[in-house]
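Asks: What follows is a single structure, and I will ask about it in a moment.
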Amino acid sequence: MDPFTAMFATGAFHATGPRPDPAARKAADKALTRTEELELRLQRALLVMEAMWSLVREKTDLSDEDLTDRMLELDAADGHVDGRVRRKPTICERCERPTSRRLPRCFYCSHPIAMDPFG
């Protein structure tokens with residue numbers, strides 16, 4: 001039997017291609033589900049932001065141009081106008097070493113770090 005026929009005979013290949021690994025298929029399904037969950041959360045966050053901005057605009061004298069100007073100002077604060085905010089690491093007041101903004105205490109000396117609400 002030639003190798004090509006042997007692969008089909010042993011079940012290594014279906015007529016439509018390689019037989020999927022069950023563990024890989026499960027991981028792919030889980031990743032797809034997680035991606036869908038994140039997309040739903042993102043859409044909800046965008047809806048909340050749009051609702052908040054529409055309220056602020058209605059209740060104040062701020063305009064869409066004011067919002068755009070502030071967005072550009074914040075974007076440029078890190079030296080790169082790229083649609084993202086890159087935050088510099090927090091410097092610990094006690095040991096003066098850079099530490100993660102995500103940690104409640106300095107990684108090196110355990111001094112409490114003020115949490116950044118956007119951090």
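Residue-wise test of (1) within 23 Å of residue 118 (Cα to Cα); (2) in a helix (DSSP H, G or I); (3) at pLDDT below 95.
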residue: 26; (1), (2), (3): no, yes, yes
residue: 30; (1), (2), (3): no, yes, yes
residue: 33; (1), (2), (3): no, yes, yes
residue: 47; (1), (2), (3): yes, yes, no
residue: 51; (1), (2), (3): yes, yes, no
residue: 56; (1), (2), (3): yes, yes, no
residue: 69; (1), (2), (3): yes, yes, no
residue: 73; (1), (2), (3): yes, yes, yes
residue: 78; (1), (2), (3): yes, no, yes
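Asks: So, one more: Could you please give the count of residues in the stretch 66-93 that are surrounded by 12 or more Cβ atoms within 10 Å (Cβ to Cβ) and more than 27 Å from residue 53 (Cα to Cα)?
Replies: Summing the residues that are surrounded by 12 or more Cβ atoms within 10 Å (Cβ to Cβ) and more than 27 Å from residue 53 (Cα to Cα) in the stretch 66-93 gives 4.
The values are calculated or read from the model by the stated rules, or taken from the named source; none is laboratory data. As the structure is a prediction and not an experimental result, all values here were calculated from the model. Don't worry about glycine lacking a Cβ; one is built from the backbone with ideal geometry, like all the others, and counts go over all protein chains shown.
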